[in-house]
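Okay, structure first, notes after.
Laboratory data are not the source of any read-out in this text; all were calculated from the coordinates shown. Everything quoted here is computed from the prediction, not taken from an experiment. In this analysis, Cβ positions are derived from the backbone assuming ideal geometry, glycine residues included, and neighbour counts consider all displayed protein chains.
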Amino acid sequence: MLNARLSGMTDYPFTRLTALLGPVGPRSGRQPLNLAVGEPQSSPPPMVAEALARHAGDWGRYPPVAGTPEFRSAVAAWLTRRYGLHPGLVDPDKAILPVQGTREALFQIAMVAAEDTGRDDAAVLIPNPSYATYGAAGFLAGAEIVPLASRREGGFMPDLDRLKPELLARAALLYLCTPSNPEGAVADLDYLKRALGLARRYDFVLAVDECYAEIWDKAPPPGALEAAASLGVGEGDDPFANLVVFHSLSKRSSAAGLRSGFIAGDRRIIALMQRLRTYASSAPPLPILAASTELWSDEAHAAEIRDSYRAKVDLAEAALADFEGFYRPPGGFFLWLDAGDGERAAKRLWDESAIRTLPGAYLGRAEVDGVNPGHNFIRLALVHDDSVLAPALARVAELLSKGV
Ligand SMILES: Cc1ncc(COP(=O)(O)O)c(C=O)c1O
């Protein structure tokens with residue numbers, strides 16, 4: 001059954017992109033530039049290499065699945081600072097678990113949540129469009145995937161008021177992402193409180209992917225732990241009942257290759273994730289946990305990285321402000337441009353301008369009305385050095401201004 005599901009999964013966005021654009025270079029003779037992939041291109045801060053060298057003696061040891069007390073304390077302190085939580089609210093030993101980047105944990109939470117409902121008709125609710133792992137995880141966990149359209153009129157967040165009680169009653173899990181990939185939208189505190197209120201009322205898991213939380217434009221995005229703190233305790237006197245948040249050093253510290261992140265939240269769910277990971281996975285290696293402990297304790301490098309992304313958004317705004325499909329994203333490092341027909345725009349940008357972008361439709365799926373909310377859009381990752389990015393954006397502007 002799992003094999004049939006897995007072999008039936010052929011909709012990975014970048015596989016579709018290769019099929020659309022073809023395996024060879026663009027037809028024009030111009031230098032190809034890739035704005036499709038959201039991989040940070042700047043180097044991690046030097047403290048990473050220094051910490052890895054200092055802890056090189058630990059490469060031979062298995063890391064405990066719960067990580068080290070130093071790592072968990074640094075994370076609890078960071079969460080407390082970043083989200084203005086009461087000191088002591090985050091229990092470093094029960095509410096935090098290290099993970100090897102958020103992707104694997106975002107995947108594993110579906111298995112834990114779907115099994116936890118004990119229902120055969122469990123539903124996993126995902127923003128539409130969204131990061132491909134959410135849908136794949138729910139599907140492979142045997143749940144029904146329910147896409148929730150994220151449209152401009154709803155601030156590019158799913159409309160919580162449209163969720164029917166019958167659906168919420170069989171929901172195992174609701175994924176949210178803020179700042180969101182692909183739209184760069186930010187959920188406000190009230191929205192997060194409403195989402196957690198529903199999770200508690202209908203007893204499902206709210207999984208909030210906050211891996212872009214540190215990349216923001218004008219103001220730090222609120223977090224779901226903050227929403228929980230203002231709602232008060234839930235089931236079992238747990239301040240974070242029904243909630244798990246996902247954080248990563250991939251973007252905050254430009255260190256995707258470290259594979260280092262953490263999850264935090266509901267003690268019972270964290271314990272179940274820990275049990276699953278004891279069989280299936282691992283904490284990051286000890287030298288990486290040591291480097292990560294230092295990164296979570298340092299704000300200066302994160303501020304520098306944030307500033308560099310803000311400068312890239314400035315470049316994008318300078319190039320594209322006249323294009324009516326442009327808006328300045330409040331968070332993250334993607335541009336989500338309404339080009340009328342995203343697939344057609346991506347094809348033309350590649351063929352004529354040698355710029356690789358991702359059609360928004362590949363991150364979404366058709367709703368019951370047959371409309372894929374990503375259809376009109378292309379996603380551009382603003383991750384390259386400014387010297388690469390500026391000419392690439394000029395080429396994008398040149399083509400889009402002609403209309404696709
Ligand atoms: C929305 C979102 N969540 C999670 C991830 C996974 O990141 P990592 O596993 O490096 O933390 C990504 C990566 O691009 C992402 O865009």
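Brief remarks on what is shown
- Inter-label distance, nm, simple model (7 Å from Cα along the C-beta direction), residue 166/residue 219: 3.9
- Separation between Cα centres of the stretch 23-100 and the stretch 296-353, rounded to whole Å: 23
- Where labels lie 7 Å past Cα in the beta-carbon direction, separation of residue 86 and residue 14 in nm: 4.5
- Annotation: peptides 27-37, 146-156, 49-59, ranked by per-residue average of other Cβ atoms within 10 Å with the highest first, follow the order 146-156, 27-37, 49-59.
- For residue 310 and residue 194, the difference between the fully extended length at 0.36 nm per residue and the C-alpha to C-alpha distance is 38.8 nm.
- Degrees between helix 102-117 axis and first principal axis of the chain (Cα, 0 to 90, nearest 10): 60
- When the charge dipole of the stretch 127-281 is built from unit charges on Cβ atoms (+1 for Lys and Arg, -1 for Asp and Glu) and taken about the Cα centre, the candidate among 176, 250, 222 whose Cα reaches farthest toward its positive end is 250.
- For the stretch 124-189 versus the stretch 252-288, the inter-centroid distance based on Cα atoms is 23 Å.
- Computed magnitude of the charge dipole of the stretch 47-298 (debye, nearest 20; Cβ of K, R +1, Cβ of D, E -1): 220
- Between helix 189-202 and the chain: long-axis angle, C-alpha atoms, 0 to 90°, nearest 10: 60
- Listed by Cβ neighbour count within 10 Å, with the fewest neighbours leading, 273, 47, 111 appear as 47, 111, 273.
- Charge tally for residue 259 (other residues, Cβ to Cβ under 15 Å; Lys, Arg +1; Asp, Glu -1): +2.
- Helix 267-280 and the longest principal axis of the C-alpha atoms of the chain enclose an angle of approximately 70°.
- Environment charge at residue 352 (Cβ cut-off 11 Å; Lys +1, Arg +1, Asp -1, Glu -1): +4
- Of the peptides 337-347, 259-269, 387-397, the ranking by mean beta-carbon count within 10 Å, highest at the top, reads 259-269, 337-347, 387-397.
- Dipole-positive endmost among 7, 150, 340 within the chain (Cβ charges, Cα centre): 7
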